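J.: Dropping the structure in here first, questions after.
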Amino acid sequence: MLKSIAITAAVSVGVAAFLTNFNIVFWTSVVFATIIQVAAWNIFTYYNNAKLAVEARTIDDKLIEELGKQQTQLPCAYCDATNTVDIRLDQPVDFECTDCKKTSAVYIDIETAQKTEPINTQLQEILHGE
């Protein structure tokens, strides 16, 4: 921070020294040059922050889009040929069969189930007395 203040002061003094050649008061020029530098820096910082926010939002949108994609092997509804299909949860999913070229729709049914323990785990607990 001290370095930034020193640079700002040096530039302001340099501008003021130059403007004294045109009969402009030194201290008025120093204050004016300092205000201009601070304002320019704030505008620059605001612009960069806005630009970074837009880029971050774009990256987040792409990430969410990619997270919504999954692939699975599905049979064609017409010829039963296996096709690799991108599954999207945010839009309807259709695919064209690679063999018969007909379009099939994908319907996704999501259910809940009770969580159970695998049988092998229960058997090991019984055998080891846990």
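No lab work stands behind these numbers, since they all come straight from the coordinates. Because the structure is a prediction, the values reported are computed rather than measured. Ideal geometry is used to build each Cβ from the backbone, glycine not excepted, and the neighbour counts take in all protein chains shown.
J.: Pick out the one residue from Asn48, Asn83 that is in contact with a Leu (Cβ under 8 Å, 6 or more places away or on another chain) and either part of a strand (DSSP E or B) or surrounded by 10 or more Cβ atoms within 10 Å (Cβ to Cβ) (or both).
T.: The conditions single out Asn83.
J.: Hey, another quick one. Go through segment 1-17 and give me each residue that's in a helix (DSSP H, G or I) and out of contact with any helix residue (DSSP H, G or I) (no Cβ under 8 Å at 6 or more places or on another chain).
T.: Leu2, Lys3, Ser4, Ile5, Ala6, Ile7, Ala10, Gly14
J.: Out of (1) surrounded by 12 or more Cβ atoms within 10 Å (Cβ to Cβ); (2) under 31 Å from the mean Cα position of the chain (by Cα); (3) assigned to a helix (DSSP H, G or I), what's the single condition that is false for Thr34?
T.: Thr34 satisfies all of (1) surrounded by 12 or more Cβ atoms within 10 Å (Cβ to Cβ); (2) under 31 Å from the mean Cα position of the chain (by Cα); (3) assigned to a helix (DSSP H, G or I) except (2).
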